[in-house]
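Trainee: The structure's right below; bear with me while I get my questions together.
The values are calculated or read from the model by the stated rules, or taken from the named source; none is laboratory data. In this text the structure is predicted, and so the values were computed from the model without any measurement. Using ideal geometry, Cβ is built from the backbone for each residue, glycine included, and neighbour counts are taken over all protein chains shown.
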Amino acid sequence: RYAPVCRLSYSNEVAVPALLSDFGEKLALIGQHATDRAASLKMASARKGLANEYKRSMGKRVMMRKLRLEAERAAEEAALVSRAPEAAAALSRLGQIYDE
């Protein structure tokens, strides 16, 4: 799916790290409070779901770096603007929105 470079930057620098922090804190709390078997069983599904999302989000950051996705998208946007200069205004506005 196409996302402008400003969205990718926001995701990589703000959104995903915040999610990782949140998921990590919740997993730590579950580990801390799931001390007896009954509590552990009640929280097993939530723990599995959070662990899966934590792993997926961590992998997302790793792959964005490995693929150099932001640089690739920036080049695509530069090519778009050179072919369709009117796109520059929309991309600029999107950048302003993500900077706010």
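Trainee: Would you check which residues across the stretch 6-41 are surrounded by 14 or more Cβ atoms within 10 Å (Cβ to Cβ) and more than 30 Å from D99 (Cβ to Cβ) and list them?
Mentor: Of everything in the stretch 6-41, those that are surrounded by 14 or more Cβ atoms within 10 Å (Cβ to Cβ) and more than 30 Å from D99 (Cβ to Cβ) turn out to be L27, I30, A34, S40.
Trainee: Condition first: closer than 20 Å to G95 by Cα and among the basic types (K, R). Can you find one or more residues in the stretch 5-24 that meet it?
Mentor: The answer is yes; a qualifying residue exists.
Trainee: Of E53, E76, which residue is closer than 20 Å to E13 by Cα and in a helix (DSSP H, G or I)?
Mentor: Values: E76 fails: closer than 20 Å to E13 by Cα.
Among E53, E76, only E53 is closer than 20 Å to E13 by Cα and in a helix (DSSP H, G or I).
Trainee: For the stretch 1-20, what are the residues that are over 10 Å from the mean Cα position of the chain (by Cα) and among the aromatic types (F, W, Y)? So that I can check it myself, show each step before the final result.
Mentor: Within the stretch 1-20, the first condition is being over 10 Å from the mean Cα position of the chain (by Cα), and the residues that meet it are 1-6.
The answer is Y2, and nothing else.
Trainee: For S11, state whether it is at pLDDT 95 or above and not charged (D, E, K, R).
Mentor: Numbers: at pLDDT 95 or above: no; not charged (D, E, K, R): yes.
Taking the combined requirement at face value, the residue does not satisfy it.
Trainee: Can you confirm whether Y2 is closer than 30 Å to D99 by Cα, among the aromatic types (F, W, Y) and surrounded by 13 or more Cβ atoms within 10 Å (Cβ to Cβ)?
Mentor: Criteria not met by Y2.
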